Amino acid sequence: MTVGAREADTFLFVPLDREQEVITVAEQGGPHRVGVIGGDGIGPDVVAEGLKVIDAAGVKLETVDYDLGGARYLRDGTILPDSILDEWRDLDALFLGAVGAPGVPPGVIERGLLLKMRFELDLYVNQRPFLLEPDVDMVVIRENTEGTYAGEGGFLRKDTPHEVATQGSVNTRMGVERCVRYAFDLAKSRPRQHLTLVHKTNVLTFAGDLWERAFNEVAAEYPDVATAYNHVDAACIYFVSDPGQYDVIVTDNLFGDILTDLGGAVSGGIGLASSANLNPAGTGPSMFEPVHGSAPDIAGQNKANPVAAILSAAMMLDFLGDTEAGDRIRRACADAPAGSTTEIGDAVAARLQGD
């Protein structure tokens with residue numbers, strides 16, 4: 001098994017440490033123990049369809065529900081207690097719908113829940129596949145725990161005419177290299193064996209220099225993988241004008257956040273965009289989520305497209321060792337019929353039960 005091995009549209013995930021023995025949950029026996037965070041808005045609705053499809057694929061889960069998100073914060077001030085984090089460390093994976101509710105101040109849920117999950121569980125790889133035949137078949141690997149999202153910075157003379165705000169970007173050799181190495185392993189496993197580094201080395205001459213040096217030094221260990229470099233502004237153009245040139249892309253936290261939303265837009269819409277937040281070393285559970293947000297304007301109306309959540313569920317099964325079920329779910333999602341949230345989920349489930 002190799003990291004991100006792609007065979008018949010199947011994605012496999014293994015620990016980064018090559019000397020570590022790989023023992024998947026499937027090999028351990030028993031149902032997978034998965035924490036489920038429906039969250040806010042359309043989150044609970046799309047998660048329900050993802051779980052329905054997993055069941056239709058014949059995979060049994062032991063689920064534990066967690067009431068977290070913007071609504072919970074507004075109700076009693078809870079964001080992410082350390083006691084829940086401790087519970088999660090004993091789980092195999094986390095399945096998240098969406099979080100965010102009107103009335104919650106900006107940054108409260110993002111930093112207190114989502115970023116805390118990434119930092120505390122060391123979910124250092126964000127993996128986002130994009131597929132729209134015949135032109136788009138690429139995967140973006142985003143470093144998920146450093147960069148501008150690390151929280152370095154602050155205010156001086158806040159709320160005065162002379163206010164100063166600083167926002168630093170944290171880049172460590174360890175953090176950059178482990179992300180880059182994961183991306184090379186993924187690229188090596190795919191048919192095209194091509195990896196593009198995206199950054200802004202001509203202006204961000206310190207962070208960019210670290211990324212470029214780490215990338216080039218790791219590349220020497222992968223002679224079969226062809227490489228390229230794009231400035232992030234150029235990559236934004238090429239994602240729209242010529243996305244077919246890309247196979248695997250590796251980039252930092254902020255650039256990856258922007259590029260992956262653009263990738264969703266050019267591959268069928270963000271409503272189809274799945275993602276995995278991975279701890280490849282297996283020291284904690286990885287987390288899987290659609291990236292379309294909570295869409296409070298259509299919450300509870302049975303209007304949300306659940307395909308992104310269903311595809312995220314397929315990525316979760318790949319990670320847990322049920323790659324055959326994950327592959328079947330992806331095939332069942334191809335050309336999914338239009339309809340309500342539950343109708344789409346029912347149609348995908350019916351395809352699985354009839355194949």
- Can you tell me which residue within segment 182-204, out of those that are among the β-branched types (Val, Ile, Thr) and closer than 12 Å to Tyr229 by Cβ, is farthest from the chain's Cα centre (by Cα)? Thr201
- Item | Condition met for Thr172 (surrounded by fewer than 22 Cβ atoms within 10 Å (Cβ to Cβ), over 18 Å from the mean Cα position of the chain (by Cα) and closer than 20 Å to Asn277 by Cα) | yes
- Any residue in segment 324-340 that's assigned by TED's automatic domain parsing to the domain that holds Ala314 and buried (at least 16 other Cβ atoms within 10 Å of the Cβ): show its pairings with residues that are of a type in the set (Lys, Arg) and not in a loop (DSSP other than H, G, I, E, B) at Cβ separation under 6 Å, as long as the two are six or more apart or on different chains. Ala332/Arg351
- Item | All positions within segment 140-161 that are more than 15 Å from Trp211 (Cβ to Cβ), in contact with a Leu (Cβ under 8 Å, 6 or more places away or on another chain) and part of a loop (DSSP other than H, G, I, E, B) | Gly151
- Message: Condition check: farther than 30 Å from Val307 by Cβ and either modelled with pLDDT of 95 or more or part of a strand (DSSP E or B) (or both). Does Asn216 satisfy that?
- Response: yes
- If you scan segment 205-231, which residues turn out to be polar (S, T, N, Q) and buried (at least 19 other Cβ atoms within 10 Å of the Cβ)? Asn230
- Elements of type helices (runs of 4 or more DSSP H) contained in segment 51-132, each with 1 or more residues being assigned by TED's automatic domain parsing to the domain that holds Ala347, at pLDDT 95 or above and more than 21 Å from the chain's Cα centre (by Cα): 70-76, 82-88
- Query: Taking Ala313, is it among the hydrophobic types (A, V, I, L, M, F, W, C), modelled with pLDDT under 95 and either buried (at least 22 other Cβ atoms within 10 Å of the Cβ) or assigned to a loop (DSSP other than H, G, I, E, B) (or both)?
  - Reply: no
- Task: Look at segment 60-103 and say how many of its residues are of a type outside the set (A, V, I, L, M) and in contact (Cβ under 8 Å) with a residue 40 or more places away in the chain.
- Result: 11
- Could you look through segment 239-279, keep only residues that are hydrophobic (A, V, I, L, M, F, W, C) and in a strand (DSSP E or B), and pick out the one that is farthest from Arg173 (Cα to Cα)? Ala276
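The values are calculated or read from the model by the stated rules, or taken from the named source; none is laboratory data. Because the structure is predicted, anything quoted here is derived from the model rather than measured. We place every Cβ from the backbone using ideal geometry, glycine too, and count neighbours over all the protein chains shown.
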